[in-house]
Amino acid sequence: MESLIYKKQNFYEIASEKELKDCDDFAKEYMEFLNKAKTEREACREAAILAEQFGFQPFDFGRKIKKGDKRYLLNHNKQILLFKIGSADLEESGIKIIAAHIDSPRLDLKPSPMFEEGGMCYLKTHYYGGIRKYQYLTTPLALHGAVVKANGEKFEFVVGENEDEPVFYISDLLPHLSQKQEDQKLREVFTGEQLNLVCGGKKSKDYKEQKLKNKVLEILKKRYGMSDADFMSSEISAVPAFKAREVGFDQAFIAGYGHDDKSCAYPALRAILESKTSDTVIVWLVDKEEIGSEGNTGAQSKLFEDLIDEICENFNISARKVRKNSKCLSADVTSAYDANYSSVFDKTNVAEVSCGTCIVKYGGARGKSGSNDASAELVSELRKSMEEEGVLWQTGELGKVDLGGGGTISKFIAKLNIDTVDLGVPVISMHAPYELVSKADVYSTYKAFAAFIK
Ligand code: MN
Ligand code: MN
């Protein structure tokens, strides 16, 4: 009999031996993905490799689509859409969509980044997404870059991920001299213009001016054939150089860079790759969520609508009707209750770690402003699909009313008249260089996606 009082359950308390093992195995595979996919370009590359292994073929507009097709569309190397055309009536059953973002907060190099002062050569950065700036100080950072030279020649590089490679470093003030700073406001103390990476320090004999900068540029010339000007047509990001690690004596958690939102993107990817459904499914791994979903690789671009139009044109059916009958899980992380900062959470309405994937009916700020606010009907449908498949889930709000807030891509998808709800992994220290999640919640999110597209 259904219990009168709803009570959250902890995965580790109720899981069978087999589920515990499956959860652990999934966590290992997720950690491997996380280590290989720190930027959106890398996430796309890894997703495409996996897609091909599972028989998905590259797709571009203008190609024929037929029932049974498994395709992926790579758009400008920064977003990827995987789709499977099912045998079911597309107009009537619509498309099952799971959308997650693959960009994460980080520091991007400025177009003209290099300067030297006080015996050190630096790279200037402009932060990407919402970071707490002080978290990037005195921590090892790796550079992940894509450079396109003036002649069109393109190359990608990574420095700082392997043990034998150097890392990059941003300094902090010594406590001995921080007396005045201790009394200042956090947002005034740490400024964006201080986020300069140490990138060199061996002066050369043969230059009078800019001895260091020249020396570092010589190394870049030799190694990559790149010049100072090539920075201007490049995308080079400084990301935490850490590998994902298990946390705790009992290894219940995973610390890693980019759980937001790879802890949803990877489960979504796995769900479509392994799915045997007769429905049509799209998994959309999208870029630019952290800076407002702008640009031609963000969720506000027309690409997603274009793909649905293209599929429908192939079958000569109404795209409007398909969208109306489609359903989408906007798969993004949410906050998890944190005993160290308990005052910011409404204890009865926040996710708890290890209690399963979290449905977030609405987000936004100040009176749900900017929020999708999913329908009760859709949430009920989701409950049903998860309960049928034994998926552990919970609901949660980000934090207390009027303390702050946040958005996801759900509102952009809902604008297309697609019924959309947010669901994802609860995270501790969201947007920090090293975020924390429970293995159980990543696994439950994967099970939720599988149940949704079943
Ligand atoms: Mn996110
Ligand atoms: Mn985020």
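The values are calculated or read from the model by the stated rules, or taken from the named source; none is laboratory data. Note that the structure is a prediction, hence the values are computed from the model and not measured. With ideal geometry, Cβ positions are generated from the backbone for all residues, glycine too; neighbour counts draw on all protein chains shown.
Filter the stretch 110-164 for residues that are among the acidic types (D, E) and assigned to a loop (DSSP other than H, G, I, E, B); which is nearest to the chain's Cα centre (by Cα)?
Looking at the filtered set, the residue picked out is E161.
With the structure loaded, tell me whether L90 is within 20 Å of the chain's Cα centre (by Cα) and within 23 Å of T280 (Cα to Cα) or whether it fails that test.
No: the conditions fail for L90.
Given V421, V442, which one is more than 25 Å from G248 (Cα to Cα), modelled with pLDDT of 95 or more and within 16 Å of ligand 1 (Cβ to nearest atom)?
Checking each option against the conditions leaves just V421.
Say whether the condition of being crowded, with 24+ Cβ neighbours inside 10 Å, closer than 25 Å to K384 by Cα and touching a Pro at 6+ places or on another chain (Cβ under 9 Å) is met by at least one residue in the stretch 432-439.
yes
Of everything in the stretch 285-337 that's crowded, with 17+ Cβ neighbours inside 10 Å, outside any loop (DSSP other than H, G, I, E, B) and of a type in the set (D, E), which residue is farthest from ligand 1 (Cβ to nearest atom)?
E310
When the residues of the stretch 416-443 are narrowed to those that are outside any loop (DSSP other than H, G, I, E, B) and over 29 Å from K18 (Cα atoms), which ends up farthest from ligand 2 (Cβ to nearest atom)?
Filtering the stretch 416-443 for residues that are outside any loop (DSSP other than H, G, I, E, B) and over 29 Å from K18 (Cα atoms), the one farthest from ligand 2 (Cβ to nearest atom) comes out as D419.
Could you list, in sequence order, all residues of the stretch 309-325 that are more than 14 Å from I97 (Cβ to Cβ) and of a type in the set (G, A, S)?
S318
Residues of the stretch 244-294 being free of Cβ contacts under 8 Å to residues at least 40 places away in the same chain and within 16 Å of ligand 2 (Cβ to nearest atom), which ones?
Selection gives G292, E294.
Every residue in the stretch 261-273 that is closer than 17 Å to T334 by Cβ and in contact with a strand residue (DSSP E or B) (Cβ under 6 Å, 6 or more places away or on another chain), please.
Within the stretch 261-273, D261, S263, C264, A265, A268 meet the criteria.
Can you give me the number of residues within the stretch 371-415 that are surrounded by 14 or more Cβ atoms within 10 Å (Cβ to Cβ) and in a helix (DSSP H, G or I)?
12
Please work out if E116 is outside the structural domain of D261 (by TED's automatic domain parsing), among the charged types (D, E, K, R) and away from ligand 2 (no atom under 16 Å from the Cβ).
Considered against the rule, which asks whether it is outside the structural domain of D261 (by TED's automatic domain parsing), among the charged types (D, E, K, R) and away from ligand 2 (no atom under 16 Å from the Cβ), E116 comes out as yes.
Is it the case that the stretch 102-111 has a residue that's among the aliphatic types (A, V, I, L, M), within 16 Å of ligand 1 (Cβ to nearest atom) and in contact with a strand residue (DSSP E or B) (Cβ under 7 Å, 6 or more places away or on another chain)? Before the answer, list the steps.
Narrowing the stretch 102-111 to residues among the aliphatic types (A, V, I, L, M): 102, 107, 109.
From the residues that got through so far, the ones that are within 16 Å of ligand 1 (Cβ to nearest atom) too are 102.
Adding the requirement that they be in contact with a strand residue (DSSP E or B) (Cβ under 7 Å, 6 or more places away or on another chain) leaves 102.
Checked the stretch 102-111: at least one residue is among the aliphatic types (A, V, I, L, M), within 16 Å of ligand 1 (Cβ to nearest atom) and in contact with a strand residue (DSSP E or B) (Cβ under 7 Å, 6 or more places away or on another chain).
Could you go through the stretch 341-353 and let me know if any residue there is within 21 Å of E92 (Cβ to Cβ), more than 21 Å from the chain's Cα centre (by Cα) and not polar (S, T, N, Q).
No, there is no match, as no residue in the stretch 341-353 is within 21 Å of E92 (Cβ to Cβ), more than 21 Å from the chain's Cα centre (by Cα) and not polar (S, T, N, Q).
If you check K133 against the conditions, is it closer than 24 Å to I102 by Cβ, touching a Leu at 6+ places or on another chain (Cβ under 7 Å) and surrounded by fewer than 18 Cβ atoms within 10 Å (Cβ to Cβ)?
yes
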